[in-house]
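Participant: I have a structure here, written as structure tokens, and I will follow up with some questions on it.
The numbers here are math on the coordinates, done by the rules we state, and not lab data. Values in this document were obtained by computation on a predicted structure and should not be read as measured data. For neighbour counting, all protein chains shown are included, and Cβ atoms are generated from backbone atoms with ideal geometry for every residue, glycine included.
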Amino acid sequence: MERSERERQMTPAERRRRMEAKRRRQKERARKKRLRMMILIGMGILALAIVGLIVFGIVKLVSGSGSKKIASKSGNFVIAIDAGHGGEDIGRSNGDAVEKNVTMDISSKLKTMLESQGFQVVMVREDDARMSKEERVQKANESQADLLISIHGGYSEDVNASGAVSYYNKENKQSKNLAETVQSALVKESSASDGGALEGSFHIISDTEMPAVLVEVGYISNAEEALNLADDSYQNEVAKGIAKGIIMSLEKTE
């Protein structure tokens with residue numbers, strides 16, 4: 001029997017059932033089509049996300065972790081200053097230049113300069129007292145400072161060795177940038193010989209939790225530099241250079 005003939009012989013109820021079945025099939029086809037479309041869109045989004053993660057990973061790998069600039073944890077920069085030696089630990093000496101005094105003098109001047117610019121300063125060694133390496137690291141970490149500068153004098157068996165040197169922990173990108181910036185500004189302000197920014201493994205820069213630099217401001221073993229390091233005006237120049245280097249290393253906030 002032809003289809004048209006069969007349809008003519010259907011009762012109204014049969015026709016309704018047939019139309020309902022047809023609508024259900026159409027709805028099911030539409031649902032499957034939407035589902036396929038959603039799957040395709042989802043796969044596209046997933047693919048874009050994967051590509052994004054790969055690109056992000058490559059950028060991180062190439063550029064290192066974060067910015068070279070140092071950001072404030074609290075909104076107001078806190079700077080820790082560590083004056084090397086102290087108490088019976090006088091460090092090296094040459095004439096009037098006694099390392100524990102030179103480091104405290106420069107550190108105190110640096111503190112005053114930074115505070116005049118609105119920064120909060122924490123002195124790791126506050127007076128003429130001996131402190132162990134562990135005590136210095138602990139106090140620096142407890143201060144929650146955003147960065148640390150440790151001041152020392154240099155020494156060499158070669159009495160002609162001269163110049164300022166800034167040491168940083170090679171694992172910390174921000175420390176490297178801080179060392180390079182401080183070194184450049186210090187040399188410019190004081191006209192000291194440039195010993196460069198070098199990798200170092202001192203406890204005060206390796207075990208502290210913030211970007212940290214140990215600055216040897218000059219060779220106490222060098223007679224001319226020893227005279228300079230004991231001179232108040234020269235100490236001011238050194239402190240000014242370090243202060244400028246620190247400020248240039250900070251991530252500016254509005």
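Participant: Please give, to one decimal in nm, the separation of the simple spin-label points placed at residue 207 and residue 21, each 7 Å out from Cα toward the Cβ.
Facilitator: Spacing of the two 7 Å Cα→Cβ label points: 8.5 nm.
Participant: Right, another one. Among rounded, prolate and oblate, which fits the range 175-254 when a ≥ b ≥ c are the square roots of the eigenvalues of its C-alpha gyration tensor, a/c under 1.5 means rounded, and a/b larger than b/c means prolate?
Facilitator: Values: a/c = 2.24, a/b = 1.39, b/c = 1.61.
Oblate, because a/c is 1.5 or more while a/b does not exceed b/c.
Participant: If you consider only alpha-carbon coordinates, what radius of gyration and Dmax does the chain have, in Å?
Facilitator: Both quantities, over Cα of the chain: 34.5, 125 Å.
Participant: If R₀ is 41 angstrom, what is the calculated FRET efficiency for the pair residue 39 and residue 144, using the beta carbon separation as r and rounding to 0.05? Could you put the intermediate results ahead of the total?
Facilitator: Working: r = 50 Å, r/R0 = 1.22.
Rounded to the nearest 0.05, the efficiency is 0.25.
Participant: Using the alpha-carbon atoms, what tilt in degrees (0 to 90, nearest 10) does helix 12-63 show relative to the longest principal axis of the chain?
Facilitator: Relative to the chain, helix 12-63 is tipped by roughly 20 degrees.
Participant: How large is the charge dipole for the chain, taken about the Cα centre, if only the Cβ atoms of Lys, Arg (+1) and Asp, Glu (-1) carry charge, to the nearest 20 debye?
Facilitator: On the way: 38 positive and 37 negative charges, 1082 e Å.
Using only the charged Cβ atoms, the result is roughly 5200 debye.
Participant: Once you have the Cα-Cα distance between residue 231 and residue 160, take 0.36 nm times their residue separation minus that, and quote the gain in nm to one decimal. Walk me through the numbers on the way to the answer.
Facilitator: Working: separation 71, 0.36 × 71 = 25.56 nm, distance 1.95 nm.
Fully extending the segment from residue 231 to residue 160 adds 23.6 nm.
Participant: Ok, one more. Hey, which of these cross-link pairs are over 28 Å Cα-Cα: 133/188; 109/139; 176/240; 173/244; 69/100; 73/188?
Facilitator: Numbers: 133/188 31 Å; 109/139 21 Å; 176/240 20 Å; 173/244 19 Å; 69/100 30 Å; 73/188 30 Å.
Listed pairs above 28 Å: 133/188; 69/100; 73/188.
Participant: Okay, helix-only estimate at 222 nm for the chain: each DSSP H run of n ≥ 4 adds -39500 (n - 2.57), divide by all residues, round to 500 deg cm²/dmol; what do you get? If you can, show how the numbers build up before the last one.
Facilitator: Values: 8 runs with 133 residues, N = 254.
Here the helix-only value at 222 nm equals -17500 deg cm²/dmol.
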